[in-house]
Amino acid sequence: MMHRISPATFRFAALAVAGAAALFLGGCNGDAGARRIDEREAITTVGQIDIQDFNYAARELTNKMLVSQQFQEELRRIKEARPRGPAPLIKISRIKNDTTLKVNMRGFLVDPMEEVLSESGKVRFFAEDRQAQDIAAAHETLGGASPQLPDMVLYGTVRDLRTEAGDVRQAAYVFHLRLAGADGNTIWQGQTQIIKRGSRPAIGL
């Protein structure tokens, strides 16, 4: 004898199947136990420049420059030349990526450097954005002022050196910056190194 399934039972079974499917798909698409972490808890790798490495290099190098005697003397010279003028204008030019990695140096290194310099209140920034430059040029034209060129240009290079000894891998990342004046002469230069070491996995890479 065939038993008839009631509509209520059918709806319950359909909901149970849909719920199980949602849980399965959620487990496939999400990361169990995912949470936001502090920078100090971030994953450290040997073969990559991690976010905490960029932040450290940006803070370390920028603060070195800010407290350097050469930079302080250049700020004084510019202020004496135009005592009622605005703060010195600095442009962070190209940071050359000489590593084996494909990394956006502008977003990960230059932006944090600009943040540190901005918080110091000692300099202004030359806008890299084309639209911002056009707006500034229009204001200068309407005001009858000559376009102001940067007083200083900051540029640099990021390099890496990789070595191995048995199962141990090591990578050294060197961040080097150079600050030049309007005359092209070097005002300041400095570098910081980040060296990371780890063991090769037993299986695979």
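No value in this document is a laboratory result; all are computed from the given coordinates. Since this is a predicted model, take the numbers as computed values, not measurements. Here the Cβ positions follow ideal geometry from the backbone for every residue, glycine too, while neighbour counts run over all protein chains shown.
A few points about this structure:
- For Lys96, distant residues with modelled amide H under 5 Å away: Gly156, Thr157, Val158
- Within the same chain, lysines fewer than 8 places from Lys102 are excluded, and of the rest, those with a Cα less than 19 Å from its Cα are Lys196.
- Since only Val168, Val123, Met65 are under comparison, the one whose Cα sits farthest along the positive direction of the charge dipole of the range 50-199, derived from C-beta charges on Lys, Arg, Asp and Glu, is Met65.
- Given R0 = 22 Å, the distance between the Cβ atoms of Arg162 and Asn55 translates into a calculated FRET efficiency of 0.50.
- Annotation: lysines with alpha-carbon distance below 19 angstrom to Lys64 (same-chain offsets under eight excluded): Lys91, Lys122.
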